[in-house]
Ligand code: NAD
């Protein structure tokens, strides 16, 4: 049985990966700082060894690697919300850049069979037509995307320079159960259920490639198990949707009126469209996403209906955070990524 150290395993995608890892009979160790985005309730009690700690803390990381000697390390830990990176970029550099660097340095000493860095489609910047391949240049725009690009490039550099066994995945916009309601889909579901106005950036024309979380975690397992060392793989659904159409689909599922939609000033520097070519992962690993958007969205809405108290609790925390950034926030109640 292989042992995987999952950093950020209490987050949205990391916890889905943990749950699937247990089903696949991996031994799972989680290291998570439990920031606002982390929640231990996302992972099964008693089946996972948990360390609370910071990936940017050298001593913590080295102590855990020395003690646990995992076969694989999969790094999900990150600050992930674009709006927060606009308010306060420093934490993004600390966790996403320094944290990844700290992990890479530690595995130079302690060694692992594979180190998988979870990157993002946002490293490529925006694209009006066509799709990004793994060879496309990095042109990240938000502080979040820049910090992720730096960590992706650091991982690649440690492969080239120190011959570390690195793999990289670049997933597109992911959605599904247990996503923190700062992100578009859960925020819209919450607002619609409460009959609150739904703020939509600009005219809602921005296009994202929506990717169901179970498929995302499964794609990451494919890359971890079968990917070529030193390579990066895009993983995505192939289903592009305008934000406004996503909002309308949710309103229709919940039988709520379109009049709840409120267009607000666009996010500064908002990327217009992301789209990934997944030819490489399909050709080399025979993997493709299974869940169609309509099905994934239905499952997601059902989950939020059943777990409404969890969402309400998170919304309260989210409000408290944004009150601290009230000048920016109260002037615009905006829709997120
Ligand atoms: P998330 O915000 O839900 O979870 C992040 C997790 O990392 C949380 O559990 C948090 O407590 C933990 N964490 C944060 N800082 C830490 C630190 N310094 N040390 C240890 N743990 C820390 O994120 P997510 O949406 O699950 O994203 C996971 C990864 O996938 C991230 O690297 C993100 O950049 C990438 N990604 C996300 C998406 C998406 O649409 N959600 C798309 C592409 C890529």
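Has the range 57-69 got at least one residue that is within 25 Å of residue 218 (Cβ to Cβ), part of a helix (DSSP H, G or I) and at pLDDT 95 or above?
So far as the range 57-69 goes, yes, one or more of its residues are within 25 Å of residue 218 (Cβ to Cβ), part of a helix (DSSP H, G or I) and at pLDDT 95 or above.
Could you count how many residues in the range 136-185 are surrounded by 22 or more Cβ atoms within 10 Å (Cβ to Cβ), in contact with a strand residue (DSSP E or B) (Cβ under 8 Å, 6 or more places away or on another chain) and either without any contact (Cβ under 8 Å) to a residue 24 or more places away in the chain or in a helix (DSSP H, G or I) (or both)?
Number of matching residues: 6.
So for the range 83-94 (the condition being within 30 Å of residue 306 (Cβ to Cβ) and buried (at least 20 other Cβ atoms within 10 Å of the Cβ)), does at least one residue qualify?
yes
In the range 2-55, how many are assigned to a loop (DSSP other than H, G, I, E, B), away from the ligand (no atom under 11 Å from the Cβ) and at negative phi?
7
Could you tell me which of the residues 200, 223, 188 is part of a strand (DSSP E or B) and either surrounded by 19 or more Cβ atoms within 10 Å (Cβ to Cβ) or at pLDDT 95 or above (or both)?
Going through 200, 223, 188 in turn, just one is part of a strand (DSSP E or B) and either surrounded by 19 or more Cβ atoms within 10 Å (Cβ to Cβ) or at pLDDT 95 or above (or both): 200.
Run residue 61 past the list (1) under 19 Å from the mean Cα position of the chain (by Cα); (2) near the ligand (Cβ under 10 Å from one of its atoms); (3) surrounded by 23 or more Cβ atoms within 10 Å (Cβ to Cβ) and report the number of the one that doesn't hold.
It fails just one condition, (1).
Looking only at residues in the range 66-82 that are away from the ligand (no atom under 14 Å from the Cβ) and touching a residue at least 60 places away in the same chain (Cβ under 8 Å), which one is surrounded by the most Cβ atoms within 10 Å (Cβ to Cβ)?
Taking the candidates together, the pick is 70.
With the requirement that a residue be in a helix (DSSP H, G or I) and either within 9 Å of the ligand (Cβ to nearest atom) or surrounded by fewer than 21 Cβ atoms within 10 Å (Cβ to Cβ) (or both), what does the range 101-132 give you?
101, 102, 105, 108, 109, 110, 121, 122
The values are calculated or read from the model by the stated rules, or taken from the named source; none is laboratory data. From a predicted model like this one, the values you see are computed outputs, not experimental measurements. Cβ atoms come from the backbone with ideal geometry, glycine included; neighbour counts cover every protein chain shown.
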